[in-house]
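The values are calculated or read from the model by the stated rules, or taken from the named source; none is laboratory data. Keep in mind that this is a model prediction, so the values were computed, not measured. Note that we place each Cβ from the backbone using ideal geometry, even for glycine, and neighbour counts take in every protein chain shown. Calculation scope for accessible area: heavy atoms of the full protein, side chains included, ligands and nucleic acids excluded. Shrake-Rupley method; radii C 1.70, N 1.55, O 1.52, S 1.80 Å.
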Amino acid sequence: LRERKDQIKYLAVASLAYGLAIGSRPTLVFGAILLWVPVARAWFGPGGSSMKQIALLVVAAVAPVTLVVSGLLLYNYVRFDNPFEFGWHYQLTNFQNHGARQFSWSYVWYNFRFYFFQPMHWTGQYPFVNPVEIIPRPARYYGTGAGYGGILTDYPIVWLALAAPLAWRGKPAGETSDLRWFALAILLLFLTSATTLCFFFASGSGYESDFLPALMVLAGIGIFGVEQVLAGSPVWRIAARCGWSLLLFFSLVVTALSSIEAHAVTRYFNGDFLLSEGRPVEAAAQFRGALAIWPEYAGAWCGLGSVLLKQGQIDEAIVNYQKAIEFDPSLPEAVNNLGYCYFQKGQIDDAVVQYQNVLKIQPDYAQARNNLANCYLRLNRTDDAIVQYQKAVELDPGSATYQCGLGNAFLQKGRLVDAIAQYQKALEIQPDFAAAHNYLAYCLFRQGQMADAISQYRQAIELDPKSAVFHSDLANALLQKGDADASIAEYQKALALQPKSADTCKRLGDAFFQKGELNDAIAQYQKALELDPDLPEALNNLGYCFLQSGRVDDAITLFEKLAKLKPDFAPAYNSLGDAWRRKGMASQAVTAFERAIELQPHFISAEKNLAWVLATWPDASIRNGTRAETLATEANQLSGGRDPEVLRTLAAAYAETGHFAEALATAQKALGLAQSDKDLTDKLKAEIRLYQNHAPCRDN
């Protein structure tokens, strides 16, 4: 800017360029003060510039940068409704959206240490340098404090910036005026940029590009000053050259070695982004590229493991996670993901060990606590699971997943009210959380709130219509409500999504059976058994359909097969007893019913069936009225006194023991409850006439 005619033009271009730089680095905004240096030089420097010249310089310095910055602020306002929002809170990664203050005095000392005094950690493994994390971090600080900061320790050549004044020492002010003003401009850029970043809630080596180049320029001026001062002392000049050459060499070595890791880390982050975008093949190429640069880079091994895990290659993923841990045992993500692999393989105890290791490394790792809780829940260590879920929620109260996990633990514990509260919290955080709607529906279903449960199931399906589980769960609720047609429709939707689900086929058979369509029910049970030949409920229900269809021998064959397959499955013996009764073989029926009750005490259906045989069988050697009355009384208590079949059996037991008044009253109560069942009401009316005539009931 020596020629006055060029000063205004060059300053305007510089102001425009600096305004554009602010567009990419808003933290440079205060550095715009350097544009006033030429104005100050014209005002205070030699030459006596006119007021017109100074005014034009002010316009050249201020107008372009102001125009650009104003445009940026207007753009921010139009796009974000805030002129000072530069998109930080809208990044796709979403990892900055935690509500922290972006600028605060609480970050200054931490950032100052990171940028200027954090030392490099030297290792014996390639690339021989590792960043060291500064802990503890300030509250709600985004940056990890891990990176290549410490410019005064890792790039010692910058200390020569202190020697910059030597460049004009002992010389007339006029001869060094331009150099002084230039050094002042560079110093202002360095100070404003570094100070701004010290207030910022994140740190990183990349931010050093805002101020490190300016400091390097000052260091270059300092070297020039040292050379100039020692020009008359050849020995000292050589010594000084050796000194600053060593500092420069050390700085270059650190730069080269750290750039190796930085290049590998860049590849890693590219791979991580591609993986999050659902492009695993390209992600794997990036991770392998990082390993080609730095074979012992634990993060890249971990990333490659995540690619393999996403592709379903769990064993190969385990190998890569183990490799990552070998190179960096303190990498929590690798240990956590290794635990997840073991969990997916069903090796729950091994997964627990890994998650516990994660928490030794990083106790505030909320995801690891959630994962550990999942393991405890699988192991039926419900109380331990609740503790870990609660800690995860405490660490990250904004996670709907952790709230839902805690609800699952309460549900498994039988604490329905607490479970409902957690699912509702999860839905407050994430209203479109389909699984939470489904879990909440199940709890409401368990509480008998059928309408609310069905509503929640429908919301879950609306959010995730391709979930066979959701359709099946809704069908269960509809069937329980008595809406067999709607239930059948939902089961069929579930089967369309998951055609090889034996359980859904069985449940669809149940719906057809409840509707009275035995042939369709039999077809579904047979399909279920084709998919899972050992499904006990399907065998049992198919046999019962055979009973209803008069195929007693086929039913007995199935029930005997089921009893051999599942010797401790009480319903098999209950059904077998019913089949023997219908075949007229009372002693075998009694034996089967007794076995069912032995396996499952307070089994209402088995107690009712055994009581009926003991009270009504034509052969007196089989009957036992006292035992029948005891069994029927207990079954009636267990069913709440509202089951007409149980009441009918109790009435028959009363009649067998000669208590005809009680038999008559009980049968009449059963008749009042059975109005919708014509077959049962006809039987009860005939039996009531017997009791009125003081005659017992006999099974025909």
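Neighbours of S501, meaning other residues whose beta-carbon lies under 11 angstrom from its beta-carbon, give a summed charge of +2 when Lys and Arg score +1 and Asp and Glu score -1.
Once each of the GluC sites (Glu not before Pro) sitting in a DSSP loop with at most 11 other beta-carbon atoms within 10 Å is removed, the chain keeps 278-700 as its longest stretch. Using alpha carbons only, how many angstrom separate the centre of the stretch 553-629 from the centre of the stretch 192-228? So the separation of the two Cα centres works out to 90 Å. With θ taken as phi - 60° and the Karplus curve 6.51 cos²θ - 1.76 cosθ + 1.60 applied, the whole-hertz 3J(HN,Hα) list for the stretch 119-130 is x, 6, 9, 8, 10, x, 10, 4, x, 6, 10, 9 Hz, x standing for glycine and proline. About its Cα centre, the dipole of the chain is roughly 2200 debye, where the only charges are +1 on Lys and Arg Cβ and -1 on Asp and Glu Cβ. For L67 and Q125, a Förster radius of 51 Å and the Cβ-Cβ distance give a FRET efficiency of 0.45, rounded to the nearest 0.05. Calculated accessible area for the chain comes out at 50 Å² per residue, all protein chains present (probe 1.4 Å; ligands, DNA, RNA ignored). Spread over its residues, the convex hull of the C-alpha atoms of the stretch 294-359 is 63 Å³ per residue. Relative contact order of the chain, taken over Cα pairs closer than 8 Å and 6 or more residues apart, is 5 percent. Taking a Cβ cut-off of under 12 Å around P696, the surrounding Lys, Arg, Asp and Glu residues balance to a net charge of -1, with basic ones at +1 and acidic ones at -1. The modelled label-to-label distance between D432 and S50, using points 7 Å beyond Cα along the C-beta direction, is 6.6 nm. Under 25 Å of direct C-alpha separation, and excluding same-chain neighbours fewer than eight residues apart, K564 reaches these lysines: K506, K527, K583, K608. How large a share of the accessible area of the chain, in percent, is made up of carbon and sulfur atoms when the probe is 1.4 Å and the other protein chains stay in place? Here carbon and sulfur together make up 57 percent of the probe-accessible area. Across the stretch 512-524, computed HN-Hα scalar couplings (Karplus, 6.51 cos²θ - 1.76 cosθ + 1.60, θ = phi - 60°) run 5, 5, 4, 7, x, 9, 5, 4, 5, 4, 4, 4, 6 Hz from first to last residue, x flagging Gly and Pro.
Label-to-label distance, Q356 versus H263, with points set 7 angstrom from Cα along the beta-carbon direction: 4.3 nm. Spin-label pair A285-R378: with each label point 7 Å from Cα along the Cα-Cβ axis, the two points sit 3.5 nm from one another. Semi-axes of the equivalent ellipsoid of the stretch 466-604 are 28, 15, 14 Å, computed as sqrt(5λ) over the eigenvalues of the C-alpha gyration tensor in descending order. Length gained on full extension, Q424 to Q480: 17.8 nm, using 0.36 nm per residue less the C-alpha separation.
Taking Cα centroids, how far is the stretch 237-263 from the stretch 361-413 in Å? Centre-to-centre distance over Cα atoms comes out at 50 Å. Per residue of the chain, the DSSP helices (runs of n ≥ 4 H) give a summed -39500 (n - 2.57) that works out to -23000 deg cm²/dmol at 222 nm. Compactness check for the chain: Cα Rg over 2.2 N^0.38 Å is 1.54.
Between amide H atoms placed 1.01 Å from N, distances below 5 Å from V129 occur with T123, all of them 5 or more places distant or on a separate chain. Residue by residue, the stretch 306-311 carries 3J(HN,Hα) couplings of 5, 4, 5, 5, 5, 8 Hz when phi is fed to the Karplus relation 6.51 cos²θ - 1.76 cosθ + 1.60 (θ = phi - 60°); x denotes Gly or Pro. For the stretch 613-700, the relative contact order works out to 30 percent when only alpha carbon pairs closer than 8 Å and six or more residues apart are counted. Candidate cross-link partners of K493 among the aspartates and glutamates, defined by an alpha-carbon separation under 15 Å and a same-chain spacing of 8 or more, comprise E462, D464, D473, D485, D503.
Normalising the average separation of contacting C-alpha pairs (under 8 angstrom, six or more residues apart) by the number of residues puts the relative contact order of the stretch 244-343 at 20 percent. Taking other residues whose beta carbon is less than 13 angstrom from the beta carbon of E645, and scoring Lys, Arg as +1 and Asp, Glu as -1, yields -1. Here K425 is the anchor, and the lysines within straight C-alpha reach of less than 26 Å, apart from those fewer than 8 places off in the same chain, are K391, K413, K466.
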